[in-house]
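Structure first, commentary second.
The values are calculated or read from the model by the stated rules, or taken from the named source; none is laboratory data. Since this is a predicted model, take the numbers as computed values, not measurements. Using ideal geometry, Cβ is built from the backbone for each residue, glycine included, and neighbour counts are taken over all protein chains shown.
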Amino acid sequence: MKNSILKISTTFILFVGLVFQVNAQTVSGSWKGTLEVQGTQIPLVFDVTEEAGVFSSTMDSPSQGATGIPMDETKFSESTITIISSKIGIKYIGTLADNTLIGTFYQSGMELPLSLERSEKVLPGNISLPTSKEDLDKLANWNPENFKYSVEDYFAKPKARSFSFSPNGSYMSYREKDENLKNHVYVKNLETGEVKRVIEEKEELIRGFGWANDNRLVYIMDKGGNEDYHLFAVDIDGNNQKELTPFDGVKVDILEGLKEDKDHMIISMNQNNPQIFEPYKINIDTGELKQLYKNEDAANPIMGYEFDKDGNLRGFSKLKDGVNIELYYTLDGTNYNLKKQLSWKDAFSIISFNYASKNRHEAYVSSNLFSDKSKIYLYDLKEDKIIKELFSNDNYDVSGLSLSRNRGYELDYFSYEGDKNVIVPVSSYYKKLHERMTSKFPNYNYTIADVTDDESKYLIFLQSDKLYGVYYSYDAKKDEFQLLYNLMPQLVEKDMAEMRPITFTSRDGKTIHGYITLPKEDLNGKKVPVIVNPHGGPQGIRDSWGFNPEAQLFASRGYATLQVNFRISGGYGKEFLESGFKEIGRKAMDDVEDGLQYVVTQGWVDKDNAAIYGGSHGGYAVLRGLTKTPDLYACGVDYVGVSNLFTFMNTIPPYWKPYLKIIKEIWYDESIPEEKVIMEEVSPVYQIDKIKKPLFVIQGANDPRVNIDESDQIVSALRDKGYDVPYMVKYDEGHGYGKEENRIDLYKAMMGFYAKHLKKEIKQPLKD
């Protein structure tokens, strides 16, 4: 593991794992202490080991979600321990006395007292369950053939990515990876070519960043994947770096960037109540906060706020009695009046106010109140009525549109997702631009990743099912394209597999959509093994067409990938979505099984060599598939999946608890006797005797959504039955692996698992 960042007020302080000993027998083990800096308390746990007279140590910071941080140097002499980390510039000197270490911590000219007491090391979950690194390495090496493309080719993060212009177009920001796999943020002066590193990524991942104005960037980080995001800001020269929300246990979301107020943005935080988010205007230089509205009714919390471009709160949605939605709107900016009462199942959302209209109450709205599919309307919020229906599609929900701030908020285009993404130009300006893009790049989906305020420079992102992604810049005044960056040049398009949209009919007559990615072996008429990959969510989420690194990796090893947008998936209308409520693990799984049957009947895949793999709800679907249809799959890979619906409901994050009634309407409600029976039926841990095929389980220890206990339960239960269940746990991850080294470990072990348990005759992928 890499060195961890510990944030204390606005200063980054890094701490060491300490080693203390009179002899190996008395100092080896775990030690716990608390460092106090500027009124902030930071608990630390230090693990000391000794082998052949040589000492080493690691450090955990429980409040940061950081574990196992190694130190460079550990020395002990005459009851005094000295710990040095040259990489992070710290030193600790401590003396052992009566089972206590009394010492001083040094960094950046500071000298801070630090005392430690013996303790028992506590990590999340049952630490006896995870499979050893050695055994996971053996699994990863099960199929050592020299493939043309390695796991790293697909899952190493690009050398550079996340390009964006400053609003005035003078600078470009991007992320670039160093030799230690840290992804720092750089700013390039487009006139001079000068490049500066402005944000350094250390132990904690930079989860996102962007331009606050022409001179300052903002970024967010959490602690070890716990999803308690904090907001930071920095100048474009790397100076004036500041943590804007230094509040432990508080989650921050960015609501509005405020182009009209370059010194502020609007955020939400659950600072006053972990279950409730309230809006604040924050100064991006000083961190000064102004609360904009008080969410006073904890039993019926506000679930969403609507601000205009000037930062005025125009309305909000309130959750009523756990399942209903009340929409409030203000005419005068002070008094908020009830406008609509809806079911939580209804969709009515403001995409943008119509700033081109003299009527300030006009807005572009996406809604399914008046039809099965969501449509886009021009709506009068004061009169609570439709002005005009603007855009719809008979088969899919529509919700995307774009306005030009530079051209007086002219409507440029609508968009929606069908089998692929579709852009429908509206304005004469955008019709010409769209024609230019599609004629220049006819075989790719394009996205305008960024545009300068004056619309003179565009950042174009190209992708397809065979192209990971390429950035082009476009000078609108000169009508010139310039290749900026190919994210994954090592992945040659002609070697990649095709992702085909598919449509089939479920056993009860529903039209189901999905995708099949077929390796080249299949195109030569050979039936291939298939990996069935149900998506997460599950409600409102869907799989999409485009480059999928997992599917491409699988195809390179001779496996097809099946993705089914089963009932409850989003984008196909209200009836389709709701038909999956109370059917998770039942009819939703039927759709997945029917999809597998469809691709079998097409002659594409080998029905006797099907694996099932998924993350989150997809991980649950793996476990459910192995219990519901135990003969259908040869093996399964469960990635941060739910195993017990009862314990899952009881361990949700506090900010989900106001929505527990809704969750129970989507899943099941154990207070209803007949639904409790269903919960037992569809909870894999209660059906453990039905699992008879090999299973691989993967978990992030700090997962706030699917507690590590979900994976511990299924692993423990199967091992009690005598099954060998490989179990990978990363103690610096949450709901899915974000760190490159962890992701590569995951996919190497997964490919070894498939090689071991799928009867695959194909030894190597075709190379030409």
(Q) I'd like the full set of residues that are of a type in the set (Phe, Trp, Tyr) and closer than 14 Å to Asn215 by Cα, limited to the stretch 162-204. (A) Phe165, Tyr171, Tyr186
(Q) For the stretch 671-682, which positions are buried (at least 20 other Cβ atoms within 10 Å of the Cβ) and either in contact with a Phe, Trp or Tyr (Cβ under 7 Å, 6 or more places away or on another chain) or farther than 22 Å from Asp712 by Cβ (or both)? (A) Ile678, Met679
(Q) Based on this model, can you work out whether Gly287 counts as at pLDDT below 95, more than 29 Å from the chain's Cα centre (by Cα) and over 21 Å from Ile662 (Cα atoms)? (A) no
Q: Might you let me know whether the stretch 6-27 holds any residue that is among the polar types (S, T, N, Q), modelled with pLDDT under 75 and in contact with a helix residue (DSSP H, G or I) (Cβ under 8 Å, 6 or more places away or on another chain)?
A: yes
Q: With the condition kept exactly as written, say whether any residue in the stretch 360-383 is under 25 Å from Ile266 (Cα atoms), out of contact with any Leu (no Cβ under 6 Å at 6 or more places or on another chain), in contact (Cβ under 8 Å) with a residue 60 or more places away in the chain and not small (Gly, Ala, Ser).
A: yes
Q. How about the stretch 441-463: which of its residues are touching an Asp or Glu at 6+ places or on another chain (Cβ under 8 Å) and part of a strand (DSSP E or B)?
A. Lys457, Tyr458, Leu459
Q | Condition check for Gly595: within 30 Å of Asp732 (Cα to Cα) and in the same structural domain as Val729 (by TED's automatic domain parsing) | A | no
Q. From the list Tyr655, Tyr686, Tyr668, Tyr659, which one is surrounded by fewer than 20 Cβ atoms within 10 Å (Cβ to Cβ) and touching a helix residue (DSSP H, G or I) at 6+ places or on another chain (Cβ under 8 Å)?
A. Tyr686
Q: Return the residue satisfying two criteria in turn: it lies in the stretch 115-134 and is at pLDDT 90 or above and among the hydrophobic types (A, V, I, L, M, F, W, C), and of such residues it is surrounded by the most Cβ atoms within 10 Å (Cβ to Cβ).
A: Leu129
Q: May I ask you to say which residue of Ile516, Ile512, Ile541, Ile502 is touching a Lys or Arg at 6+ places or on another chain (Cβ under 7 Å), surrounded by 14 or more Cβ atoms within 10 Å (Cβ to Cβ), in the same structural domain as Leu623 (by TED's automatic domain parsing) and under 30 Å from Trp667 (Cα atoms)?
A: Ile516
(Q) As an exercise: evaluate Leu289 against (1) crowded, with 17+ Cβ neighbours inside 10 Å; (2) out of contact with any helix residue (DSSP H, G or I) (no Cβ under 7 Å at 6 or more places or on another chain) and give the number of the one condition it does not meet. (A) (1)
(Q) Being out of contact with any helix residue (DSSP H, G or I) (no Cβ under 9 Å at 6 or more places or on another chain) and crowded, with 24+ Cβ neighbours inside 10 Å is the requirement here; does Gly618 meet it? (A) yes
Q.
Filter the stretch 478-495 down to the residues that are farther than 22 Å from Ser439 by Cα and either not in a loop (DSSP other than H, G, I, E, B) or not polar (S, T, N, Q) (or both) and list them by number.
A. Leu487, Met488, Pro489, Leu491, Val492, Asp495
Q: Working only within the stretch 77-98, note down all residues that are in contact with a strand residue (DSSP E or B) (Cβ under 6 Å, 6 or more places away or on another chain) and either surrounded by 19 or more Cβ atoms within 10 Å (Cβ to Cβ) or closer than 20 Å to Gly53 by Cα (or both).
A: Ser79, Thr80, Ile81, Thr82, Ile83, Ile84, Ile90, Tyr92, Ile93, Gly94, Thr95
Q. Would you pick out the residues in the stretch 406-421 that are surrounded by 16 or more Cβ atoms within 10 Å (Cβ to Cβ) and at positive phi?
A. Tyr409
Q. Is there a residue being closer than 25 Å to Lys664 by Cα, under 25 Å from the mean Cα position of the chain (by Cα) and of a type in the set (Asp, Glu) anywhere in the stretch 549-561?
A. no
(Q) surrounded by 20 or more Cβ atoms within 10 Å (Cβ to Cβ) and either in contact with a strand residue (DSSP E or B) (Cβ under 9 Å, 6 or more places away or on another chain) or farther than 20 Å from Glu278 by Cβ (or both): which single residue out of Gly225, Gly238 fits that description? (A) Gly225
**Q.** Tally of residues being surrounded by fewer than 20 Cβ atoms within 10 Å (Cβ to Cβ) and more than 25 Å from Asn445 (Cα to Cα) across the stretch 373-405
**A.** 10
Q: Might you let me know whether the stretch 189-203 holds any residue that is in contact (Cβ under 8 Å) with a residue 40 or more places away in the chain, closer than 13 Å to Gly738 by Cβ and either out of contact with any His (no Cβ under 7 Å at 6 or more places or on another chain) or outside the structural domain of Leu289 (by TED's automatic domain parsing) (or both)?
A: yes
Q | Ser683 vs. criteria among the polar types (S, T, N, Q) and either assigned by TED's automatic domain parsing to the domain that holds Glu204 or more than 19 Å from Gly625 (Cα to Cα) (or both) | A | no
